[in-house]
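A short write-up of the structure that comes next.
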Amino acid sequence: MKLSHAQISFKSSGTPVADDFSDVYFLDAHGCAETDYVFIEQNDLLNRWLQFELSDSISANVFVIAETGFGSGLNFFQTLHHYSQLLEQGHTLPRLYFLSTEKFPMTMADLQQSIAVYPHLSKWVDELLPQYPMALTGCHRMHLCNGLVTLDLWLGDIHDTLPQWLNEHDGLVDAWFLDGFAPSRNPDMWNEALFTQLARLSKPNGTLSTFTAASIVKRGLVKAGYKLTKTKGFRYKREMILATFTELAIRQPTQQQHSIPYYARPAQPLLQHVTILGGGIAAGCLAYLLTQQGIEVSVHCKDAALAQGASGNDLGGFYPQLNAQASIASQVHAASFVYARRFYDALLSQGAKFGHAWCGVLQVGFNDKVQQRQQNLIDQQVWPADLIQGVSASQASEIAQVELPYPALFIEQGGWISPPQLVKAMFALAQQTGLCQINTQSTLSTDVITNITSDPSQAVIYATGAESARLAIPALPYRLVRGQVERAPASTQSTNLQTVLCHKGYFTPAVDGIHALGSTYVKDDVNCEYRPSEAQLNLAMHQQSLVECPWIQAMPLPTSGRAAIRCSTPDHLPLVGAVPDVQQQLIDFNQLYQAKPAHTYPQAQNVKGQYVLTGLGSRGLTTAPLMAQLLVSQLLGLPIPVTQTVANALNPNRFLIRDGIRRLSYLDRFTAS
Ligand SMILES: Cc1cc2nc3c(=O)[nH]c(=O)nc-3n(C[C@H](O)[C@H](O)[C@H](O)COP(=O)(O)OP(=O)(O)OC[C@H]3O[C@@H](n4cnc5c(N)ncnc54)[C@H](O)[C@@H]3O)c2cc1C
Ligand SMILES: C[S@@+](CC[C@H](N)C(=O)[O-])C[C@H]1O[C@@H](n2cnc3c(N)ncnc32)[C@H](O)[C@@H]1O
């Protein structure tokens, strides 16, 4: 959902002031010194990094800092400055995860101006700015310092964001930077709910420091289980708070229960090697992200070449599907889209070559009903304009550069991508690490998979698209839908099209004289032959929707194209996570309808070492990168880049759980179809 930006004034010294709180973001001329003293020195960060015992476990080699109030990012940039200096001195350090929260994000311009007074930080500001998120609630994951540093910026009220952080391993945070304006000026933030969350998320012996010495903060921290150490405050301040989380026993049962046990997301702390079955966009994202983390990957793709399944279409539209309300599905799409755009830009900056254009996507309001729906989305103001905005018919024609007499929704950061080129580029980057081996015309039997996964340092991921339904993955409710896209030769008029159009179908700008015109939607048909009858349907769908566009009425019937199978699910969300042990979970969760407190149920049992990433449906270009990032983070026991609610909504066992709650018979889903 959309957030408001911070209202900032600048003092003559250049220090930013938040108008709504009448408080400064950092002290005049002493901002970095205060960060050093209050947060970096008191948490003893440099020594803790230098003395960090690096192990064979990739997931254990991570240091997590969490901050309340990202503001100008000064604390983050200054932390990065020290971290990179140690790296330059030749030290081997743990990877850094910096999780921050912000309810009123600064605009990019205000952030830039705020930090400009500290030129030694400009390098990091320059690295962050191209990734800096729009004012959209949720987690925005960014990577800096050659991938050694991950910034998770959680936008939204801290009382909404912190309870959504997944903490499955008895502690997430090594050191808290408790910032935020003075408690007297921001009492809504500094309350018991905040202290409870700090304790819920702290690692045993995790530390916390804050500039304030307000008694409400001291009392709250002690009550939540922290041991305080009296410390001199910065400069003229008499006192500040330094605290250590030691009182594990004080955690309430609800605090100890870090997540809902039947949606548990198991990690493999000893993981060294992952076998991926697949060769499409899901497999490509996984191979790239896993090798970036130093994990060895073996890919088995059943086809003679990569990207022969759904990811083999020449061109695909890149955009999210958003409703007027921020439903879970819309949240998944919005978060996936902004992450994917950042992910693709990062691939490009690493030299990846794949056909694409960030030419925007117009969702055309081609009839009254659609126009009303679109107007409702605009009126609800749920989404930031940089994500989606309403445009008039004349603006739409101006953007499209063809006659388009319909109002529309414009997704400026969208566009089109060549999926097979993208897939190959991701695998090429994975191979460049020396950690990725690709086997085409290859698959693995169930016995081999079971054998591989008996070793806790190994895991197998099914990224098998529509074929997942035929494999030995225990019953998951797939929906298979055939689709055909046409290769439509451009006419003198259509060749001017400069943006992707979508309505019932989609139509891309011409690339090498050919538009992608798609696509049909034929349920439960898994035949991939090209059908001239569907070409007629495709063209007719466009001509009937865009009835007032003479240029599309003049398009000749395409004679070539490609058909493939989408793998979807009943709720249209991907399947991301451990393969459930269905028989066991049906036994363990057959009383869910009794609605006892969640923590009274056992942890979900899964098939050892086996995971799945599929169900990307019609929007794999949008969802695959974040879904892969989620699965890789889960496997390695790293901070999760989505809310608990979203993670639960993507868990492959969710249909079984929902059926249990409604007292329905899960397996009937399969015998019925
Ligand atoms: C007609 C059509 C149009 C589409 N248009 C768009 C669009 O405009 N925008 C968009 O974002 N998305 C679009 N999609 C959806 C998108 O293409 C998919 O969501 C995405 O490609 C799915 O990727 P995947 O990796 O999950 O599956 P796939 O690309 O199908 O890959 C599955 C892979 O698994 C391999 N495999 C299968 N079984 C085995 C096995 N037993 N062992 C080893 N390997 C195996 C296959 O060889 C294949 O490489 C469209 C889909 C279709 C069909
Ligand atoms: C003193 S500033 C933080 C300075 C920041 N750490 C820096 O390095 O620039 C406090 C921040 O907390 C944010 N904030 C205040 N109340 C909040 C809340 N309830 N939830 C999330 N962020 C909040 C403010 O918008 C502001 O950016």
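Readers should treat all values here as calculations from the given coordinates under stated rules, not as data from a laboratory. Keep in mind the model is a prediction, meaning the values are calculated, not measured. Neighbour counts run over all protein chains shown; Cβ positions are idealised from the backbone, glycine included.
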Discussion item. Can you compute the FRET efficiency between His273 and Gln389 using 1/(1 + (r/R0)^6), with r the Cβ-Cβ distance and R0 = 56 Å? Round to the nearest 0.05.
Written reply: 0.75
Worksheet item: Within the P(r) computed for the stretch 8-259, what percentage of the Cα pairs occupies the region above 32 Å?
Response: 16
Worksheet item: From the backbone phi of the stretch 427-442, what are the Karplus-calculated ³J(HN,Hα) couplings (6.51 cos²θ - 1.76 cosθ + 1.60, θ = phi - 60°) in whole Hz, Gly and Pro given as x?
Response: 5, 5, 5, 4, 5, 4, 6, x, 10, 10, 10, 10, 10, 8, 6, 9
Discussion item. Normalised by the empirical 2.2 N^0.38 Å for globular proteins, what value does the Cα Rg of the stretch 399-481 take?
Written reply: 1.71
Item to complete: Lys and Arg at +1, Asp and Glu at -1: add these up for the other residues within a Cβ distance under 13 Å of Ala578 and post the number.
Response: +1
Worksheet item: Measuring from label point to label point, each 7 Å out along Cα→Cβ, what is the Leu54 to Lys203 span in nm?
Response: 1.6
Response to the item:
By the mean-Cβ-within-10 Å protection proxy, highest first, 511-519, 655-663 rank as 511-519, 655-663
Fill in: Principal axis dimensions, the stretch 555-673 - Cα atoms, whole angstrom, descending
62, 39, 24
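How much length is gained if the chain between His143 and His82 is pulled fully straight, taking 0.36 nm per residue apart and subtracting their Cα-Cα distance, in nm to one decimal?
Taking 0.36 nm per residue and subtracting the Cα distance, the gain is 20.3 nm.
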Worksheet item: Under a Cβ-Cβ cut-off of 15 Å, what is the net charge of the residues other than Gln493 that fall near it, where Lys and Arg count +1 and Asp and Glu count -1?
Response: -2
Practice prompt. With label points built 7 Å along Cα→Cβ from the Cα atoms of Val448 and His599, find their separation and express it in nm.
Written response: 4.5
Worksheet item: Under 21 Å Cα-Cα from Lys103, which lysines qualify once same-chain neighbours fewer than 8 residues away are excluded?
Response: Lys2
Practice prompt. Any chance you could run the full-extension gain for Phe670 through Asp571? It's 0.36 nm times the residue separation minus the Cα-Cα distance, nm to one decimal.
Written response: 34.1 nm
Response to the item:
Net charge near Asp525 (other residues with Cβ under 13 Å of its Cβ; Lys, Arg +1; Asp, Glu -1) is +2
Discussion item. Order 51-63, 286-298 from most to least packed using the mean count of other Cβ atoms within 10 Å.
Written reply: 286-298, 51-63
Worksheet, complete the sentence: Ordered by number, the trypsin sites (Lys or Arg not before Pro) in the stretch 431-511 that occupy a DSSP loop and have at most 16 other Cβ atoms within 10 Å are Lys504
Worksheet item: What are the GluC sites (Glu not before Pro) within the stretch 477-586 that DSSP puts in a loop, where the Cβ has at most 16 other Cβ atoms within 10 Å?
Response: Glu529, Glu548
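Using only alpha carbons, build the gyration tensor for the stretch 73-205 and give me the equivalent ellipsoid semi-axes, biggest first, whole Å.
Taking √(5λ) for each Cα gyration eigenvalue gives 25, 20, 14 Å.
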Discussion item. Ignoring solvent entirely, what values of log10 I(q)/I(0) come out of the Debye formula for the stretch 1-127 at 0.17 Å⁻¹ when each Cα is a single scatterer?
Written reply: -0.93
Item to complete: Determine which lysines satisfy two conditions relative to Lys227: a Cα distance under 24 Å, and not lying fewer than 8 residues away in the same chain.
Response: Lys203, Lys218, Lys237
Response to the item:
Volume per residue (Å³) of the convex hull spanned by the alpha carbons of the chain is 162
